[in-house]
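Read the structure below first, then the notes.
Where a number appears in this text, it was derived from the coordinates with a stated rule and is not lab data. The shown structure was predicted, so the numbers you read here are calculated from the model rather than taken from an experiment. Because the Cβ atoms are built from the backbone with ideal geometry, glycine has one as well, and the counts that use them run over all protein chains shown.
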Amino acid sequence: MRRAEQGWRAFYRTDAWRRRRTEQLAHEPTCRSCGTDRQLQAAHVGVTPKEWEAFITAPLQTLCIRCHARSRAAENWRGGG
Ligand SMILES: [Zn+2]
């Protein structure tokens, strides 16, 4: 568990993630949950930090910080976005 956590934290600093995040926010520039266009984050859909490959390839959704924090996944993905 701890090792996986280090892995995904490192992933958030990679160019690959930054590119995916930028593409996601360009593709879907509003929060999927509440519709705001402020403080947006790219959130993973239905994956956990144990699934390292899924982290890289999984679909993303756009959520604002508030909706992301409310989502169940936020417990696992904190520090991302
Ligand atoms: Zn929202």
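Quick notes on this structure:
- Net lengthening on full extension, ASP37/ILE56 (0.36 nm per residue, minus Cα-Cα): 4.4 nm
- Approximate spin-label separation GLU23-PHE11, in nm, with each point projected 7 Å along Cα-to-Cβ: 1.5
- Fewest-first ordering of LEU40, LEU25 by other beta carbons within 10 Å of each residue's beta carbon gives LEU25, LEU40.
- In plain terms, the residue of GLU53, GLU28, GLU23 with the fewest other Cβ atoms within 10 Å comes first and the most crowded comes last, giving GLU53, GLU23, GLU28.
- Fewest neighbouring Cβ atoms within 10 Å first, the residues CYS64, CYS34 line up as CYS34, CYS64.
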